[in-house]
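The values are calculated or read from the model by the stated rules, or taken from the named source; none is laboratory data. Every value quoted in this text rests on a predicted model; they were computed, and no experiment measured them. Reconstructed Cβ throughout: ideal geometry from the backbone, glycine too, with neighbour counts over all protein chains shown. Quick note on the areas: whole protein, heavy atoms, side chains included, nothing else; ligands and nucleic acids left out. Shrake-Rupley method; radii C 1.70, N 1.55, O 1.52, S 1.80 Å.
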Amino acid sequence: MKFSAILTCAQPDAFTQTETLERATRLAEVAERAGYEGIWLLEHHFTPYGLCPSPLTMASYLLGRTRTLRVGTAVCVLPLYHPLRFAEDVALVDQLSGGRLDVGIGRGGGERDFAAFGADPKKSHLITKEWLDIITTAWRGEPFDWSSELIELPTVAVNPRPLTDRPPLYYACQSPSSVELAARFGMGMMLSYWLEHETLQSQIELYDELRESAGAPEPAGGHVAACIAFPADTRQEAVDAVRPHLTWWRREAQNVFFKLDALRRLGNYDHQVHEWEREIVRGRAATDGTMDQSSVDRLLSLNPVGTVNECIDKLGALAESTGVEHFLCGFEGPADEGRVVEAMWRFAEEVAPALSTAAEHNPVPASRT
């Protein structure tokens, strides 16, 4: 198994923007010393929910600060980009980093993002699919042109080409349509930390069926599963450490993403609408998007937050049921940097070795100093 760390770059009230970004850099360096496979960066705009509006820019900086660590985007919101600019930026970072870039993409759900960047959320699914066609064509390095209802491109050849013929691509999957798109392009899926194990297993099964039908290649990096991770001496200690900051972070999310009524009007987020309505019926969500403590409790129960053995058991069960071998771990449960660093080291020293099945995937922590 492989383990990477997610950096949210979230800015609680007690921190300045500079402190938040400097902390993210230090955590990336801890991840490399502790033997993690990589780090993954979120993209968010206009919110303290996350101060990384450009994952590729931050990835290029962190790749320059490290030597062995891979850096992934989780995710670049593809409809907000020009496809040729995106293809060029990825290719350049891939070249300069020696092929250490992983590219996670998604179609997004930030209401202000679409308005600010002039992208039509009603066409986000169409844009994402067509941009992927353009980007993967551009990476071949041959001259090509493009004409459609969405975009007109003159004959161009993107330079440089990526160092790897096609950088590892991952797609954020929550709905059957997103699983279908990932399968069609042979992309790995990025599986969500708020879905039950049975749902994730169903997504894997659907993906395998659709990829085989499409004749697409197997994803180069397999699939990845995101999770909140925090090992401690007792489960209660872990929960108490994670709950306050996680509650704040989830509440901030309510100011970022489309509300239920808006999703209904868009018409192309039907799966998300259905899931939201199902959560309302279960008493775990409200129509106005407000969050009660039960939703945080649910996340704490789904994810490896607890004793070392509980973390091992939960991740082992998920790996066995889905076949996923690469986990993206969010350790920023506490706002306190020292506790985050301690959790990262403890996971690397006690949890990861118990789950690793191959020596080359077993994190080898360096000195903590």
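A few points about this structure:
- Check: the range 215-359 dipole with +1 on Lys, Arg Cβ and -1 on Asp, Glu Cβ, in debye: 520 debye
- Local electrostatic count, Tyr81, Cβ distance below 15 Å [Lys/Arg +1, Asp/Glu -1]: -3
- Each residue was assigned an accessible area with a 1.4 Å probe, and for Asp336 the value is about 80 Å².
- For the chain, Cys76, Cys173, Cys227, Cys311, Cys329 stand unpaired, since no other cysteine beta carbon lies under 4.7 Å from theirs.
- Annotation: per residue accessible area for the range 167-245 equals 41 Å², rounded to a whole number [probe 1.4 Å, protein chains only].
- Exposure rank, largest accessible area first [Glu342, Glu142; 1.4 Å]: Glu142, Glu342
- Cα-derived Rg over Rh, computed across the chain with Rh taken as Kirkwood radius: 0.94
- To the nearest 10, the accessible area of Phe331 is 0 Å² with a 1.4 Å probe.
- Largest to smallest in accessible area, the residues Ser60, Ser178 fall in the order Ser60, Ser178 (1.4 Å probe, all protein chains included).
- Convex hull per residue volume in Å³, alpha carbons only, for the range 159-199: 92 Å³
- Residues in the range 4-130 average 38 Å² of solvent-accessible surface per residue, probe 1.4 Å, ligands and nucleic acids excluded.
- Once all protein chains are placed together, Ser213 keeps about 100 Å² accessible to a 1.4 angstrom probe.
- Fraction of beta bridges assigned by DSSP in the chain that are antiparallel (%, nearest 5): 10 percent
- Whole-percent pair-distance distribution, where bins are 5 Å wide, for the alpha carbons of the range 200-273: 3, 11, 12, 12, 13, 17, 16, 11, 5, 1
- Kirkwood estimate for the range 211-369, i.e. one over the average of 1/r between Cα atoms, Å: 17.9 Å
- The accessible surface of the chain, taken with every protein chain in place and a 1.4 Å probe, is 51 percent carbon and sulfur.
- FRET efficiency, Glu320 to Ser148 (Cβ-Cβ, R0 45 Å, nearest 0.05): 0.55
- Evaluated over the Cα positions of the range 1-106, the convex hull gives a direction-averaged projected area, one quarter of its surface, of 6.9 nm².
- Each Lys and Arg contributes +1 and each Asp and Glu -1, all at the Cβ; summed about the Cα centre of the range 204-289, the dipole is approximately 460 debye.
- Test item: Cα-centred dipole of the range 26-127, Lys/Arg +1 and Asp/Glu -1 on Cβ, debye: 100 debye
- Take the Kirkwood radius over Cα pairs of the range 146-301, plug it into Stokes-Einstein at 25 °C and 0.890 mPa s, and you get 132 µm²/s for translational diffusion.
- Highest GNM mean-square fluctuation among Arg243, Arg26, Arg100, for the chain modelled with Cα contacts below 10 Å: Arg26.
- Candidate residues His271, His125, His326: accessible-area rank, largest first, probe 1.4 Å: His125, His271, His326
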